[in-house]
Ligand code: ZN
């Protein structure tokens, strides 16, 4: 399926502790690799604590590992752990979490993920204030001079992806936009194509 369009596999890990839901762990990530998935796997940890999971997912073949600053006692240490394991590191900010968390760790992140819904469940609507926050995050990244991706997760669809890109995002997570449609290769390819078409219109 992946050859039909998406570049990266976004992997949502929920623990029924940091977020009120339960999904998948490192064994499933490992199984994807053994199945032959070559794309980058972007592991979004919604777990508490995080440090043990960093090592487990690095061994399971993760490419990126991101976590929520509220879920770890020592953000700088957790970010360093990810890079020491040979993965790309990142922080995830929920809609109400301040960009200030990034202030002293810009040299330790490869990716900043802004959540445009509250973490825990699929199918939620995009929270509009995320656009303002994306613009602020884009300014931070540009001022830092570091090569950092700006990712958005939650409620992204063909209808809003252009405005999200114009606000500064360069990496887009799509769940329901793809999965609500019939789960066929054609429907998937059509949705991704639609989103890429909208992205091409973005003035950035
Ligand atoms: Zn996610």
Could you give me the radius of gyration and the Dmax of the chain, taking only the C-alpha atoms into account and expressing both in angstrom? 16.1, 45
For n ≥ 4 DSSP H runs only, could you compute -39500 (n - 2.57) per run for the chain, divide by its residues and tell me the 222 nm figure to the nearest 500? -10000 deg cm²/dmol
Stretch residue 125-residue 48 to full length: gain in nm at 0.36 nm per residue minus the Cα-Cα span? 25.2 nm
So, in Å, what gap is there between the alpha-carbon centers of region 86-127 and region 162-200? 20 Å
Restricting things to alpha carbons, tell me how big region 131-204 is in terms of Rg and Dmax, in Å. 13.5, 43
Over the chain, what is the relative contact order in percent, taking alpha-carbon pairs closer than 8 angstrom and at least six residues apart? 16 percent
Between Rg and the Kirkwood Rh of region 70-174, both from Cα atoms, what is the Rg to Rh ratio? 0.96
Of all DSSP beta bridges in region 8-200, what percent run antiparallel (nearest 5)? 5 percent
Identify the residues of region 91-117 with backbone N under 19 Å of a label point that sits 7 angstrom from the Cα of residue 17 along the Cα-to-Cβ direction, or state none. 92
Just to be sure I understand: with springs between alpha-carbon atoms less than 10 Å apart, which residue in 113, 81, 150 has the highest mean-square fluctuation in the Gaussian network model of the chain? 81
Dividing the alpha-carbon Rg of region 11-72 by 2.2 N^0.38 Å yields what? 1.05
At R0 = 25 Å, FRET efficiency that the Cβ-Cβ distance of residue 77 and residue 135 yields, to 0.05: 0.25
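Taken together, the values in this text are just the output of simple stated rules run on the coordinates, not laboratory data. Quantities reported herein were computed from a predicted structural model and do not represent experimental measurements. We place every Cβ from the backbone using ideal geometry, glycine too, and count neighbours over all the protein chains shown.
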